[in-house]
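The values are calculated or read from the model by the stated rules, or taken from the named source; none is laboratory data. Note that the coordinates shown come from a computational prediction; the quantities given were computed from them, not determined experimentally. Counting neighbours? That spans all protein chains shown, and the Cβs are built from the backbone with ideal geometry, glycine included.
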Amino acid sequence: MSTKDFLSVADVSPEELRQLVDAAIAMKRDNRWSQTLRQKILVLVFEKPSNRTRVSFDAGMNELGGHCIYLSPDEVGLGKRESARDVALVLSRYGHGIAARTFEHTTVEELAKYAAIPVINALSSLEHPCQALADLMTIAEHRERPEGLTVAQVGDGNNCANSLMLACVMSGMNYRIASPAGYRISDEMLAKARTYARASGTTITTTEDPAEAVRGADVVYTDVWTSMGQEEEAAERRIAFLDYQVTMKLLGLAKKDALLMHPLPAHHGEEVEHDLIYKPQSAVFDQAENRLHAQKALLVKLLA
């Protein structure tokens, strides 16, 4: 790959993004177990707890013949007990890669700046590029040609939305998002994504109307209204997002064979109607599984 680190979807080229998705699909289909990363160590540096992210990276390294070391929030204390710079310099002497799950994007940037080994953004305040890789893989598995499809997201213009938007337009898909005022994708991220959209001939639509976003879409995507670190805003957000729940009725405005996607964890009865992610249209648990395969493809590219 043309990059040492993977902090943003935009750290790779559209062609490299396609190659990662193709490699992930091939790994899932052909051979889950190998010795490609034998004697390689990935250090997980987490400021936030996790289910899918921790287990998928750990399982992935094991399936590739490598090993993971997990450092919990209390063990590291990034920026409190020890600076990100010192953590990066020390871990570079122990491991072959770092996957960091941080509150602030500047933290993962600082780790990458001082680490002599690759740093992967396993989630930050700005982006969740590993989730976007799994999302692209899932769409590619369900649709023969993702190019020209329309992905409609309903909800917060958060880190997942930023990465998904970039991934869609870089891959030839149109992207729409419906968010309430005050919770829209930033102008800076929109400008960045529109540069790729112009190159790929795709469109980006922002609106406050969920129906406008979803109507005729090939994929309907939603995410939690309140992310980790925003708990004090939960009550305020429930009010702001009251009309942004993905229901069977709203999903019915999309194409008949539209996929329902959600990065999990789901708050049933909030951003998504109760039991909707268990319906036939749902690709939610395919997404969850594909975190493993997409990250394995990334690990091989960065660490092999």
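Of the residues making up the range 44-51, none is outside the structural domain of residue 142 (by TED's automatic domain parsing), surrounded by fewer than 18 Cβ atoms within 10 Å (Cβ to Cβ) and more than 22 Å from the chain's Cα centre (by Cα).
Output the residues belonging to the range 261-300 that are of a type in the set (Gly, Ala, Ser), outside any loop (DSSP other than H, G, I, E, B) and closer than 11 Å to residue 134 by Cβ. Let's see the steps before the verdict.
Let us first name the residues in the range 261-300 that are of a type in the set (Gly, Ala, Ser), namely 266, 269, 282-283, 288, 294, 297.
Subsequent filtering for residues that are outside any loop (DSSP other than H, G, I, E, B) retains 282, 288, 294, 297.
Hits for the range 261-300 are 288, 294, 297.
The residues of the range 52-67 that are within 16 Å of residue 94 (Cβ to Cβ) and crowded, with 18+ Cβ neighbours inside 10 Å, listed by number, are 61, 66. Residues in the range 48-76 that are touching a strand residue (DSSP E or B) at 6+ places or on another chain (Cβ under 9 Å), modelled with pLDDT under 95 and in a loop (DSSP other than H, G, I, E, B): 48, 49, 50, 72.
Residue 228 satisfies every condition listed in (1) closer than 25 Å to residue 283 by Cα; (2) under 17 Å from the mean Cα position of the chain (by Cα); (3) crowded, with 17+ Cβ neighbours inside 10 Å except (3). Considering only the range 77-122, state which residues are among the aromatic types (Phe, Trp, Tyr) and not in a helix (DSSP H, G or I). If the condition is that a residue be among the aromatic types (Phe, Trp, Tyr) and not in a helix (DSSP H, G or I), then 103 is the only one that fits. Residues that are within 16 Å of residue 290 (Cα to Cα) and of a type in the set (Ser, Thr, Tyr) within the range 106-141 comprise just one, 138. Considering the range 229-244, the residues that are in contact with a helix residue (DSSP H, G or I) (Cβ under 8 Å, 6 or more places away or on another chain) and not hydroxyl-bearing (Ser, Thr, Tyr) include one that is farthest from residue 49 (Cα to Cα), namely 243.
For every residue, the table says whether it meets (1) buried (at least 24 other Cβ atoms within 10 Å of the Cβ); (2) of a type in the set (Lys, Arg); (3) in the same structural domain as residue 93 (by TED's automatic domain parsing).
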position: 142; (1), (2), (3): no, no, no
position: 147; (1), (2), (3): no, no, no
position: 151; (1), (2), (3): yes, no, no
position: 170; (1), (2), (3): yes, no, no
position: 177; (1), (2), (3): yes, no, no
position: 184; (1), (2), (3): no, yes, no
position: 197; (1), (2), (3): no, no, no
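Just a yes or no: is a residue in the range 268-285 surrounded by 17 or more Cβ atoms within 10 Å (Cβ to Cβ), hydrophobic (A, V, I, L, M, F, W, C) and more than 30 Å from residue 63 (Cα to Cα)? Scanning the range 268-285 turns up at least one residue that is surrounded by 17 or more Cβ atoms within 10 Å (Cβ to Cβ), hydrophobic (A, V, I, L, M, F, W, C) and more than 30 Å from residue 63 (Cα to Cα). Taking residue 117, is it buried (at least 16 other Cβ atoms within 10 Å of the Cβ) and in the same structural domain as residue 281 (by TED's automatic domain parsing)? Considered against the rule, which asks whether it is buried (at least 16 other Cβ atoms within 10 Å of the Cβ) and in the same structural domain as residue 281 (by TED's automatic domain parsing), residue 117 comes out as no.
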